[in-house]
Every structure is written in structure tokens, then in C-alpha cells.
Amino acid sequence: MKTASEISRLRSLVARHARDLEGASAETVIRWARETFGARLCATSSMGDVVIAHQASQFAPGLDVLFLDTGYHFPETLALRNLVASSFDVNVVDVRPERSVEKQRELWGRDLFDTDPDRCCRLRKVLPLRQALAGYDAWITGIRRADSPQRAQTPVLSWDEVNQVVKVAPLATWTSPMVGAYLEDHTLPSNRLTELGYTSIGCQPCTSLPTGADLRSGRWPGLQKTECGLHAS
Ligand code: SF4
């Protein structure tokens with residue numbers, strides 16, 4: 001757990017640099033984060049695409065890339081995770097929930113993702129990430145303003161009150177064509193589900209093809225829920 005003075009120092013870093021980094025390139029933002037936080041920096045990737053993992057390998061080689069291994073991922077997502085771990089200069093760290101899928105079923109019923117998806121996300125994503133982030137001062141996330149209306153105001157640099165870390169979003173201003181061009185320009189692999197038309201890829205039971213213009217409209221289809229809670233702050 002961070003002390004009050006550590007939190008104060010991190011908060012003042014955000015206050016000092018947020019405006020300057022708002023218009024900076026992803027490379028500048030990631031290099032700044034690496035220089036500022038050193039080994040206390042990590043990234044997260046859901047392996048929907050490899051942009052953040054690849055940029056980390058280029059601008060912050062050896063960086064820890066946290067992968068939330070919920071136990072419910074598509075095989076295509078796990079295949080991409082393995083490819084990144086074996087071929088990129090990053091350290092992929094699997095972050096797992098306290099309980100296995102089987103244990104969760106015993107405790108909460110077979111399909112918690114249907115009966116109470118908020119609880120399922122909390123147990124399998126939100127709490128494990130919070131625990132993992134306690135070991136860092138800052139995390140890089142690949143979220144983008146174009147993902148959904150809920151993410152339209154995402155700052156490049158902010159203070160994550162829930163997880164008590166600096167949050168860095170170098171791709172905040174990127175559009176989907178920019179992501180596609182980056183993957184093509186660097187000849188990078190894709191999650192094969194994108195070739196089938198998926199525009200946002202999460203856990204298998206809660207992900208379908210998009211149902212509207214919103215890139216995340218295929219997540220939790222039929223429910224009001226649009227976020228797993230990782231970006232609540
Ligand atoms: Fe559970 Fe679905 Fe959330 Fe994954 S996305 S943690 S399966 S509710």
C-alpha cells in the first residue's frame with residue numbers, strides 16, 4: 001500500500017504533465033512514462049490487438065504487460081497472448097482471479113456472467129487488477145476515446161483514484177483506422193476474431209459481433225452494461 005506522501009508525489013506528477021502530454025505522440029508518452037516510473041511502470045493488454053504490447057516493446061523494452069487471465073477468453077485471444085509473450089520484448093504477466101472458474105461455479109452458480117455479470121467482472125477482472133497494480137506506480141492502458149461514448153473524455157494522463165496509480169492512455173486519441181494502419185505498417189499479427197468482424201474482444205461468454213455503430217456494442221449484448229469496471233475512475 002502506498003503512503004500518503006507517495007500518493008501526493010504521483011498526483012502532482014499528473015498535475016504537472018497532463019496538459020503537455022495531451023497532444024503528444026504515443027511514443028513520446030510511453031517514453032516519458034518509462035523514464036519517469038522505471039520498473040514501477042506496467043501496461044495492460046486484453047490482447048484484442050497488439051498495439052500497446054508492440055509499442056511497449058519498442059519504447060519501453062522489457063516492460064511488464066499484465067494480461068487478465070479470466071479463464072473465459074477465446075482461444076484466439078490466448079493464442080495472441082502466447083505469440084506476444086514469445087516474440088515481443090515485453091514480460092507478459094498473467095493476472096488471475098483468486099478462484100478458478102470451477103470454484104466460482106461452486107460458489108456462485110454455473111453462469112455468474114449471466115446472472116450477475118457485474119459481480120463476475122469484479123471477481124475476475126477488477127479485484128485481480130487492483131491487487132496487481134498495487135505493485136506499480138503507473139499503468140499504461142490501450143483504451144481509446146473512439147471505443148465508446150463512455151470513453152470519449154479519456155485523458156492521456158490521469159490519476160486512477162480506484163487503483164491509486166497514475167493511468168497513462170497513449171492511444172486515447174487514436175481512431176480504428178489508425179490502429180489498422182499501425183498493425184499493417186509494422187506487419188503485426190491480429191486477433192483472428194477481428195477478421196470475423198469483432199470490433200471489441202473480451203471474455204467469450206460476454207462478447208458477440210457488434211450490434212450497432214459503437215465499437216463496444218457487442219460486449220454484454222442485451223444488457224445495459226458496457227464496461228467491466230476497470231476504467232471506473
Ligand atoms: Fe465474467 Fe463476462 Fe466479466 Fe468476463 S466479461 S469477467 S465472463 S462477466
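General observations
- Hull shadow area, averaged, the chain [alpha-carbon convex hull, nm²]: 12.3
- Counted residue by residue at 0.36 nm each, then reduced by the alpha carbon distance between them, the extension gain from ALA79 to ARG110 reaches 8.6 nm.
- Modelled FRET efficiency - R0 22 Å, GLU35 with GLU6, Cβ distances, 0.05 increments: 0.75
- Lys-Lys pairs in the chain that are eight or more residues apart or on separate chains and whose Cα atoms lie under 18 Å of each other come to 4.
- For the chain, the mean residue ellipticity at 222 nm estimated from helices alone is -11000 deg cm²/dmol, where every DSSP H run of n ≥ 4 contributes -39500 (n - 2.57) and the total is divided by all residues, rounded to the nearest 500.
- Portion, in percent, of the accessible area of the chain that falls on carbon or sulfur, probe 1.4 Å: 51
- Cα pair distances exceeding 13 angstrom across segment 167-233, given as percent: 71
- A crude spin-label estimate for the pair THR226 and GLU27, with each label 7 Å from Cα along the Cβ direction, gives 3.4 nm.
- Probe 1.4 Å, accessible area per residue of the chain, Å²: 49
- About the centre of its Cα atoms, segment 4-179 shows a dipole size close to 320 debye [charges on the beta carbon of Lys, Arg (+1) and Asp, Glu (-1) only; nearest 20 debye].
The values are calculated or read from the model by the stated rules, or taken from the named source; none is laboratory data. Treat the numbers as computed from the prediction; the structure is a model and nothing was measured. We place every Cβ from the backbone using ideal geometry, glycine too, and count neighbours over all the protein chains shown. Keep in mind that these areas ignore ligands, DNA and RNA; they rest on the heavy atoms of the full protein, side chains included. Shrake-Rupley method; radii C 1.70, N 1.55, O 1.52, S 1.80 Å.
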